[in-house]
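Chemist: Sharing a structure here in structure tokens format.
The values are calculated or read from the model by the stated rules, or taken from the named source; none is laboratory data. The model shown is predicted, which means the values in this text are computed figures rather than measured ones. Glycine gets a Cβ as well: all are built from the backbone with ideal geometry, and neighbour counts include every protein chain shown.
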Amino acid sequence: MGYPTGMPTVTVHYFAQLREERGRPQEEVELQDSESVMDLFARLFPQHTPRSLSVGFAVNQRHCSGSTLLSDGDEVAFIPPVGGG
Amino acid sequence: MGYPTGMPTVTVHYFAQLREERGRPQEEVELQDSESVMDLFARLFPQHTPRSLSVGFAVNQRHCSGSTLLSDGDEVAFIPPVGGG
Amino acid sequence: MFLLQKEVLDPSPLRRAVSDPGHGALLLFEGVTRDHFEGRRVTHLEYEAYAAMALLEMERIAADALLKWPTVKIAIAHRTGPVGLGETSLIVAVGAPHRPEGYEANRFVLEAIKKRLPVWKKEVYEDGQEWKANA
Amino acid sequence: MFLLQKEVLDPSPLRRAVSDPGHGALLLFEGVTRDHFEGRRVTHLEYEAYAAMALLEMERIAADALLKWPTVKIAIAHRTGPVGLGETSLIVAVGAPHRPEGYEANRFVLEAIKKRLPVWKKEVYEDGQEWKANA
């Protein structure tokens, strides 16, 4: 195994109450090994569980399950319960 | 029983194919004794039965059954299958 | 608001008539004249109405719907006389607090109109014409 | 036609986008902001969207509906930012050959929007505010 020249990163988007809590609409985050989108949520919002917020996930602008593994360059979004209509 | 000074009459309205067949949109018709709206139809359109045309009836601007008895001054309409919408 | 008119139908006044500060949903159905029927090319349509009774039937249909969905507002407009292709022959507007009763009441009113409203449609083809009843 | 915009929504372009000479039915749903929620007076609402994904989701929802009702045409517009009371936050327009698929496809699209569209609503009251999820 070689060493990567840069750490793999993802762009994370925050909306609604999560954006307000995080204090920003998006940020770049370095990935950890074999990290799923739910793992990333737990790392960034240790005070919450996805279930307690009923939060869903999107990777690369598509709804997905929490177990989806992340890759360098992915666009990640945490999706609180939606209210469109 | 006394004799009425004038024969009881109704105003009959025709629509769509019945209007075209009758050649007029409405007319005054003298009533016969104990005549129902279906009886009147049979008298005015002996070539048809209400069933053959699926014709319905209205008396005084309200849908009604063919057995409805007519009275002097009633407004009668024969209602061919409707096509609004 | 219940209208029967020879002029082109405009949804705006019906929309306003069914608006309410407590409503979250507005359902507008428009019946539009199609260019064909069972393969025959239609050039235009003509609607004939038993006008006085048609307006009463619109009120009765709306009253029936209000018995089932007391919180909705209903407006109906039907065109009469010649109607060109692609033009609107009927508008059913329903305002409702929430979407389910909006959809349901609108559909209920439309089905009742198709069945009960004393209005007749003549389809004029390139090679003839025919009075068309609703299925 | 799939729109996400801060400006007031106008049904006319959506209406035109779903028109077709073979269509007999046009169904327009409008979501309108209400003046109260569970007894609390709302002064206005604010919609926040994950814009790029919301437009993709509109396309995906329409594609799902077209699999079920291949003959319909669908247009969707959602407002973003502050929306005053009584204003339209969402329009779903469906043109269809006949009324049943018009009603059904419109409702299908609306229910999918309520569930899947990445858009969030903040209700602003006289005495506070709250992010409100769809039931």
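Residue-wise test of (1) among the polar types (S, T, N, Q); (2) under 19 Å from the mean Cα position of the chain (by Cα); (3) not in a loop (DSSP other than H, G, I, E, B).
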position: D:E46; (1), (2), (3): no, yes, yes
position: D:G86; (1), (2), (3): no, yes, no
position: D:N106; (1), (2), (3): yes, yes, yes
position: D:E130; (1), (2), (3): no, no, yes
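Chemist: For segment B:12-57, name all the residues that are of a type outside the set (S, T, Y), exposed (fewer than 13 other Cβ atoms within 10 Å of the Cβ) and more than 19 Å from C:E48 (Cβ to Cβ).
Modeler: B:E28, B:E30, B:Q32, B:D33, B:R43, B:P46, B:Q47, B:R51 - these are the residues of segment B:12-57 that are of a type outside the set (S, T, Y), exposed (fewer than 13 other Cβ atoms within 10 Å of the Cβ) and more than 19 Å from C:E48 (Cβ to Cβ).
Chemist: Return the pairs, sorted by first residue and then second, in which the second residue is surrounded by 14 or more Cβ atoms within 10 Å (Cβ to Cβ), the first residue lies in segment D:66-90 and is on the phi > 0 side of the Ramachandran plot, the beta carbons are less than 7 Å apart, and the residues are 6+ apart or on different chains.
Modeler: So the pair list comes out as D:G81/D:E46; D:G81/D:Y47; D:G86/C:S19; D:G86/D:V32; D:G86/D:T33.
Chemist: I've got another one for you. For segment C:28-47, enumerate the residues that are surrounded by fewer than 19 Cβ atoms within 10 Å (Cβ to Cβ) and at pLDDT 95 or above.
Modeler: Within segment C:28-47, C:E46 is the sole residue that qualifies.
Chemist: If you go through segment A:64-85, how many residues are buried (at least 16 other Cβ atoms within 10 Å of the Cβ) and either under 22 Å from D:Y47 (Cα atoms) or of a type in the set (D, E) (or both)?
Modeler: Total meeting the criteria: 12.
Chemist: Between a first residue in segment D:13-28 that is facing chain C (nearest Cβ under 9 Å) and a second residue that is among the acidic types (D, E) and not in a strand (DSSP E or B), which pairs have beta carbons less than 7 Å apart while being 6 or more apart in sequence or on different chains?
Modeler: D:P21/C:D35; D:G22/C:D35
Chemist: Can you list residue pairs whose Cβ atoms sit under 8 Å apart, with the first residue in segment A:38-51 being in a helix (DSSP H, G or I) and the second being among the acidic types (D, E)? Count only pairs 6 or more apart in sequence or on different chains.
Modeler: Cβ pairs passing all conditions: A:R43/A:E35.
Chemist: Quick one: in segment D:107-130, which of the residues that are surrounded by fewer than 19 Cβ atoms within 10 Å (Cβ to Cβ) and over 25 Å from D:K68 (Cα atoms) is farthest from the other protein chains (Cβ to nearest Cβ)?
Modeler: D:D127
Chemist: Quickly run through segment C:56-79 and pick out the residues that are within 13 Å of chain B (Cβ to nearest Cβ) and either in contact with a Leu (Cβ under 6 Å, 6 or more places away or on another chain) or modelled with pLDDT under 95 (or both).
Modeler: Listed by number, the residues that qualify are C:E57, C:A77, C:H78, C:R79.
Chemist: Out of the residues in segment D:29-54 that are more than 19 Å from D:E7 (Cα to Cα) and aliphatic (A, V, I, L, M), which is farthest from the other protein chains (Cβ to nearest Cβ)? Let's see the steps before the verdict.
Modeler: Here is the first cut: in segment D:29-54, the ones more than 19 Å from D:E7 (Cα to Cα) are D:35-42, D:53.
Pick out the ones that are also aliphatic (A, V, I, L, M) and you get D:42, D:53.
Numbers: D:V42: 10, D:M53: 4 Å.
Looking at the filtered set, the residue picked out is D:V42.
Chemist: Here's a follow-up. Going through segment D:4-23 one residue at a time, which ones are surrounded by 18 or more Cβ atoms within 10 Å (Cβ to Cβ) and in a strand (DSSP E or B)?
Modeler: The answer is D:L4, and nothing else.
Chemist: Filter segment D:80-97 down to residues that are in contact with a Pro (Cβ under 9 Å, 6 or more places away or on another chain) and within 14 Å of chain A (Cβ to nearest Cβ) and give me whichever is farthest from C:S19 (Cα to Cα).
Modeler: Checking each candidate, the answer is D:I91.
Chemist: Next question. Can you tell me which of (1) under 24 Å from D:P97 (Cα atoms); (2) without any contact (Cβ under 8 Å) to a residue 40 or more places away in the chain is the one C:A63 doesn't meet?
Modeler: It is condition (1) that C:A63 fails.
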